[in-house]
Amino acid sequence: MTLQNRAESQGSHRRFVQRVRVSRQVWGLRSKQGGWASCPSNDHDEKTVICFWSDRAYAARHAKEAWADYEPTPIELDTFINRWLTGMDQEGRPGRNKLGRQSLWA
């Protein structure tokens, strides 16, 4: 990752955390079958990451192509922290540390 990309990524992370703290929701794209939008990890071969956004509009912008049949779906922040992050940690999913519990608590 280049220095510029790293700086952009850190800025995106800060904005995500700030918005989620205010709204108390995280957004994902969920299929009618109940699966969540995911993609290959940039950092870990053969691993996938579940995609999350800080608001409905950001999630909706990605509901196209492979995710065209997915709907923006809110996840309450308490549920995200206590269930999702715990589950991702237990599964060893990449990215879970980037969304650290401490940074999401206001």
Residue satisfying all of: in the stretch 15-25; at pLDDT below 95 and surrounded by 15 or more Cβ atoms within 10 Å (Cβ to Cβ); farthest from the chain's Cα centre (by Cα) among these: R19
Conditions (1) modelled with pLDDT under 90; (2) assigned to a loop (DSSP other than H, G, I, E, B): number failed by Q33: (1)
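Only residues that are outside any helix (DSSP H, G or I) and modelled with pLDDT of 90 or more: list them for the stretch 64-96, please. Give the derivation first.
If we filter the stretch 64-96 for residues that are outside any helix (DSSP H, G or I), which is where we start, we get 64, 68-76, 92-95.
Of everything in the stretch 64-96, those that are outside any helix (DSSP H, G or I) and modelled with pLDDT of 90 or more turn out to be K64, A68, D69, Y70, E71, P72, T73, P74, I75, E76.
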Index of the failed condition, E65 passing every other in (1) surrounded by fewer than 15 Cβ atoms within 10 Å (Cβ to Cβ); (2) at negative phi: (2)
Members of the stretch 36-63 found to be acidic (D, E) and either free of Cβ contacts under 8 Å to residues at least 12 places away in the same chain or not in a loop (DSSP other than H, G, I, E, B) (or both), listed by number: D45, E46
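The values are calculated or read from the model by the stated rules, or taken from the named source; none is laboratory data. Model, not experiment: these values are computed from the prediction. Note that each Cβ is placed from the backbone with ideal geometry, even for glycine, and that neighbours are counted across all protein chains shown.
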